Amino acid sequence: MVVSPDEGAMDRAVYLANNLGVDMGMFYKRRDYSQVIGGRNPIVAHEFLGSSVEGKTVLIIDDMISSGESMLEKADKVIVCCTFGLFTNGLEKFDEYYHQGYLDYVITTNLNYRTQELLNREWYLEADMSKYLAAVINSLNHDRSISASLSPT
């Protein structure tokens with residue numbers, strides 16, 4: 001099952017779920033935009049929309065992960081995939097999720113700085129984007145369209 005952690009990642013989750021032929025779900029987060037706490041608007045409602053995740057392998061797909069507040073507890077296996085692994089609130093919460101069995105892997109790209117501490121975590125995997133970036137840079141250097149590099153397939 002593919003899960004979108006919020007409305008912003010819905011397109012990616014729908015695309016991936018359709019290609020994999022699996023169910024899709026989404027977290028709905030209602031925020032209080034009248035307040036800012038810790039640089040963010042606080043979440044006042046957090047609901048999961050979709051079929052049961054119980055006993056399923058769940059793939060959470062997003063553009064970035066900062067705090068990891070959208071983890072699933074009833075799934076059989078949880079894998080988080082994101083472009084940018086920022087881990088702004090530290091790694092301890094992810095360690096806790098991993099040791100409690102709520103999280104199996106976090107997969108991010110090498111497109112931002114990663115500490116050695118993160119690279120040594122059992123739950124961390126990295127997707128190397130070097131060839132993709134090289135193709136984009138090569139296209140730009142030769143004044144060609146980068147559309148072939150941006151194709152979702």
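About the Cα centre of the chain, what is the dipole size in debye to 20, counting +1 per Lys and Arg Cβ and -1 per Asp and Glu Cβ, all else neutral?
That gives a dipole near 320 debye.
If I model a spin label at THR88 and VAL136 as a point 7 Å from the Cα along the Cα→Cβ vector, what separation in nanometres do I get?
Between THR88 and VAL136, the simple spin-label model gives 2.1 nm.
May I ask you to derive the FRET efficiency for LYS74 and VAL36 from their Cβ-Cβ distance with R0 = 35 Å, giving the value to the nearest 0.05?
0.65
Could you work out the relative contact order of the chain? I mean the mean sequence separation of Cα pairs under 8 Å and 6+ apart, divided by the number of residues, in percent.
The normalised contact order for the chain reaches 15 percent.
Distance in nm between label sites at SER147 and ASP63, each 7 Å beyond Cα in the beta-carbon direction?
According to this spin-label approximation, the distance is 2.2 nm.
Find how many whole Å separate the alpha carbon centroid of segment 87-151 from the alpha carbon centroid of segment 31-60.
Measuring centre to centre over Cα atoms gives 22 Å.
Please list, or write none, the lysines whose alpha carbon is within less than 26 Å of the alpha carbon of LYS77, excluding same-chain residues fewer than 8 places away.
LYS29, LYS56, LYS93
Between GLN116 and ASP11, what's the calculated FRET efficiency when r is the beta-carbon distance and R0 is 30 Å? Round to 0.05.
0.30
Under the Karplus relation 6.51 cos²θ - 1.76 cosθ + 1.60, θ = phi - 60°, what is the ordered set of whole-Hz ³J(HN,Hα) values for segment 82-89, x standing for Gly and Pro?
Computed from phi, the couplings for segment 82-89 are 8, 6, 10, x, 8, 6, 5, 9 Hz.
Which Cα, out of MET1, THR83, TYR102, lies furthest along the positive dipole direction of the chain (beta carbon charges, K/R +1, D/E -1)?
My answer, from the dipole projection, is THR83.
I'd like the orientation of helix 10-20 relative to the chain: the angle between its Cα long axis and the longest Cα principal axis, in ° from 0 to 90, rounded to 10.
Roughly 80 degrees, rounded to the nearest 10.
Quick check: convex hull over the Cα atoms of segment 1-113, volume per residue in Å³, rounded to an integer? Could the numbers behind the result be given before it?
Numbers: hull volume 12.3 nm³, N = 113.
Taking only Cα atoms, segment 1-113 has a hull volume of 109 Å³ per residue.
All of the numbers you see were taken from the coordinates with simple rules; none came from a lab. Owing to the predicted nature of the structure, the values given are computational and were not obtained by experimental measurement. Positions of Cβ are generated from backbone atoms using ideal geometry, with glycine treated the same way; all protein chains shown enter the neighbour counts.
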